[in-house]
1. How do the peptides 32-38, 83-89 rank, highest first, by the average count of neighbouring beta carbon atoms within 10 Å per residue?
2. Take Asp24, project a point 7 Å from its Cα along the Cβ direction, then tell me which residues of segment 38-76 have their backbone nitrogen under 18 Å from it.
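What follows draws every value from the coordinates through simple rules; no lab data is involved. Owing to the predicted nature of the structure, the values given are computational and were not obtained by experimental measurement. Please note: Cβ atoms are built from the backbone with ideal geometry, for glycine as well, and neighbour counts cover all protein chains shown.
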Amino acid sequence: MRTILILAALALAAPVAAVVGGGDVTFEVKGADKATFSHDAHVVKAKLGCRDCHPKLFLDTTRSKRVTMAQMKKGQSCGACHDGKRAAGLDDCSTCHR
Ligand code: HEC
Ligand code: HEC
Ligand code: HEC
């Protein structure tokens, strides 16, 4: 069901809406403050398209494949872009964990 919702959202791909894409997503993690992902920051501010992330990197919050920071450093999940080149690197934890 969630996948169908995402596909519908992708098909419509309305760039400007009250809530952009999946809105703000919070990742509760063990051993660090929660990490926050903002669709607004990525889609509106950084001008990325839905397909830069969906469905290859991310599905939705109920089907997310949890990754560790070690996997992220190898390019998975947020690490696909947050490598210090394409986007801010992973060394400054407070970029995401607050
Ligand atoms: C920079 C990457 C990125 C971009 C670009 C992006 N998303 Fe997402 N999206 C995510 C992440 C990360 C999640 C959370 C996935 C998880 O929990 O594993 C998510 C989740 C979602 C969800 C599910 C929210 C929920 O509560 O389960 C929807 C719907 C969604 N995105 C739609 C969109 C649409 C539509 C666009 C384009 C307008 C878009 N996304 C662009 C990264 C992105
Ligand atoms: C497809 C590439 C891509 C992916 C995947 C991605 N980001 Fe980003 N992110 C960017 C770009 C580009 C920027 C803007 C440049 C910058 O601030 O480094 C950005 C900016 C940010 C910012 C600063 C936002 C602001 O307020 O300006 C945060 C926080 C962030 N990303 C968190 C995340 C998290 C958490 C994930 C994984 C769930 C993620 N990003 C996945 C490309 C990506
Ligand atoms: C680009 C955003 C981003 C940055 C920067 C970042 N993290 Fe994370 N981190 C996340 C996200 C998102 C998750 C949750 C991933 C998931 O559940 O799939 C996570 C998960 C974690 C976890 C739980 C998984 C694990 O590896 O044990 C820890 C601990 C953690 N981060 C610590 C850190 C520390 C320490 C730093 C700084 C050295 C850092 N993170 C920098 C986004 C980030």
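1. Ranked from most to least packed, the peptides come out as 32-38, 83-89.
2. Answer for this model: 38-46, 61.
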